[in-house]
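Encoded as structure tokens, the structure appears first; notes follow it.
The values are calculated or read from the model by the stated rules, or taken from the named source; none is laboratory data. From a predicted model like this one, the values you see are computed outputs, not experimental measurements. Note: ideal-geometry Cβ built from the backbone for every residue, glycine included; neighbour counts use all protein chains shown.
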Amino acid sequence: MTRRVQVGYGQRGFTLVELLVVLVILGGLASVVVLAVTQFLGKGTVEAANTEVHQASAAITSCIAEAVVNQLDIDAPANWDGRDDVITANSAGGVVYDASDYLRGNHLQATYTVSPSGEITGVTDQEWSGISWVNDHWEK
């Protein structure tokens with residue numbers, strides 16, 4: 001037994017104008033959300049790069065501090081990407097401290113120029129896109 005439902009004369013749905021108004025409001029909200037989110041794209045890359053500089057600088061400082069010396073075992077600025085035996089310091093007792101031992105991970109995403117005093121003075125190569133080295137930090 002099937003039962004039929006009849007739509008009465010007084011019942012109505014939404015008009016086309018009402019549906020269009022709702023779509024315009026939703027489109028406006030979507031555009032505001034997209035604009036708010038896009039300003040954060042790429043910012044994570046800059047933060048990651050600046051964190052890496054801080055980590056590399058801390059590794060170099062730790063190396064010098066553990067060796068109880070004032071500078072590294074290099075006579076001229078050296079390029080360092082986190083590899084072993086590039087940035088080292090010898091203690092008075094002859095123990096060699098390697099800055100790569102103080103890093104987390106296998107290598108750095110950039111090659112930093114390190115002065116004999118342990119200061120990061122520049123960048124010679126990098127794997128990130130859309131950012132650049134300005135003075136002593138990364139910027140978009």
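At-a-glance table
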| quantity | calculated |
| --- | --- |
| Strands (runs of 3 or more DSSP E) completely within region 83-140 that count 1 or more residues being aromatic (F, W, Y) | 96-98, 110-114, 132-134, 137-139 |
| Filter result for S31 (out of contact with any Pro (no Cβ under 9 Å at 6 or more places or on another chain), of a type in the set (S, T, Y), surrounded by 16 or more Cβ atoms within 10 Å (Cβ to Cβ) and at pLDDT 90 or above) | no |
| Search result, residues across region 86-97 that are in contact with a Ser or Thr (Cβ under 8 Å, 6 or more places away or on another chain) and farther than 17 Å from V53 by Cα | V96, Y97 |
| Search result, residues across region 106-137 that are among the aliphatic types (A, V, I, L, M) and out of contact with any strand residue (DSSP E or B) (no Cβ under 7 Å at 6 or more places or on another chain) | L108, V134 |
| Any hit, region 25-44, residues being polar (S, T, N, Q) and either at positive phi or in contact with a Gly (Cβ under 9 Å, 6 or more places away or on another chain) (or both) | no |
| Positions within region 107-118 being surrounded by fewer than 17 Cβ atoms within 10 Å (Cβ to Cβ) and closer than 13 Å to Q55 by Cα, in sequence order | H107, Q109 |
| Enumeration of residues in region 22-75 that are outside any helix (DSSP H, G or I) and free of Cβ contacts under 8 Å to residues at least 12 places away in the same chain | Q39, F40, L41 |
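Quick grid of which residues meet (1) under 14 Å from T61 (Cα atoms); (2) over 15 Å from the mean Cα position of the chain (by Cα); (3) free of Cβ contacts under 8 Å to residues at least 24 places away in the same chain:
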{"site": "G93", "(1), (2), (3)": "no, yes, yes"}
{"site": "N106", "(1), (2), (3)": "no, yes, no"}
{"site": "T113", "(1), (2), (3)": "no, yes, no"}
{"site": "G118", "(1), (2), (3)": "yes, yes, no"}
{"site": "T124", "(1), (2), (3)": "no, yes, no"}
{"site": "E127", "(1), (2), (3)": "no, no, yes"}
{"site": "I131", "(1), (2), (3)": "no, no, no"}
